[in-house]
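So the structure is just underneath, and the comments pick up after that.
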Amino acid sequence: MKYIFANWKMNKSLAEAMAFSQEIKKLKFKNVIPIICSPVIYLSELSKVLTGSNVKLAAQNIAAWDNGPYTGEISARQLAPFCQYAIIGHSERKIYLNENLDLISKKINQAINNKIIPLVCLGENEAEKASGKSQAIIKEQWQIISKNINKPGPDNLMLVYEPQWAISTAKDNQGVGDTPENAQAMHQFLKGLTENKFPIIYGGSVKPENCASYIDKKEIDGALVGGASLDLASFIEILKLVENA
Ligand code: PGA
């Protein structure tokens, strides 16, 4: 089974989100699970639209705390009726909101405790890659996180290798991204590090033109698609290519 996440980030109106979800709901897949990572404010409405379909929903973030005086935060407990997954520790949150591994570990525990599958982001930045430290960086990230979280099983945690420099909107990238071979090597490394226990998907400029060459690697269990998931036709094309890969 392959997992294809549409990470809309801070895009789309409610009407656009509803229309997109209604179209995805009409499609039938056997080999792929589509997961829409919607702005949190739409999850309640979208969960009604998607009832009875095999399309899942994800939050793009959750709070690190269970409940209480945390103005503006939304807890995993509050989100659990509306989504099955949550992206945790996306590189954009590390860059713009200074999220660190301690906070990220707390969020992962909140998700697991509330039966939301955390999609945990690991990856290095441009400078770390340039200095040849990519594997050392993701090893360190995983070691800190795995030490701090409740024992997750294969069904309650998913990882995404998401190199910051390969994101389509990254400053230096201009939509070029990674190579499938480099992504495969990093996934092989991560699969070993995590004892083959969890699905690991890839995130970084995945689009219709290149998705088959990522997805056909056995170490790559799916994709986190940002920019190319905003356009309905592109996202459907990706789902169909993966379904038939
Ligand atoms: P992108 O985003 O597909 O636009 O590169 C990927 C991500 O957010 O990880």
Checklist outcome for this item: GluC sites (Glu not before Pro) in region 154-245 lying in a DSSP loop, each with at most 13 other Cβ atoms within 10 Å of its Cβ, come to GLU195, GLU209
Checklist outcome for this item: trypsin sites (Lys or Arg not before Pro) in region 1-73 lying in a DSSP loop, each with at most 11 other Cβ atoms within 10 Å of its Cβ, come to LYS26, LYS28, LYS30
Checklist entry - What value, in deg cm²/dmol to 500, does the helix sum -39500 (n - 2.57) over DSSP H runs of n ≥ 4 give at 222 nm once divided by the residues of the chain? => result -11000 deg cm²/dmol
Item to check | Spatial separation of Cα centroids for region 32-110 and region 187-219, in angstrom | outcome: 22
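Within 10 Å of each candidate Cβ there may be at most 12 other Cβ atoms; applying that plus a DSSP loop requirement, which trypsin sites (Lys or Arg not before Pro) in region 208-245 survive?
Here the sparse-neighbourhood loop sites are LYS218.
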Checklist entry - Can you sort THR169, THR194, THR71, THR51 by how many other beta carbons sit within 10 Å, fewest first? => result THR71, THR51, THR169, THR194
Checklist entry - Rounded, prolate or oblate: which fits region 81-155, taking a ≥ b ≥ c as square roots of the Cα gyration tensor eigenvalues, rounded meaning a/c under 1.5, else prolate when a/b beats b/c? => result prolate
Item to check | All Cα pairs of region 23-126, percent lying beyond 23 Å | outcome: 29
Checklist entry - Relative to the compact globular guide of 2.2 N^0.38 Å, what is the alpha carbon radius of gyration of the chain, as a ratio? => result 0.94
Checklist entry - What is region 58-101 by shape, rounded, prolate or oblate, if you read a ≥ b ≥ c off the alpha carbon gyration tensor as root eigenvalues and call it rounded for a/c under 1.5, prolate for a/b larger than b/c, and oblate otherwise? => result oblate
Item to check | Global form of region 116-245, assessed from the alpha-carbon gyration tensor, a/c cut-off 1.5 | outcome: oblate
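Bear in mind these aren't lab numbers, they're just calculated from the coordinates by the rules spelled out. Every value quoted in this text rests on a predicted model; they were computed, and no experiment measured them. Note that we place each Cβ from the backbone using ideal geometry, even for glycine, and neighbour counts take in every protein chain shown.
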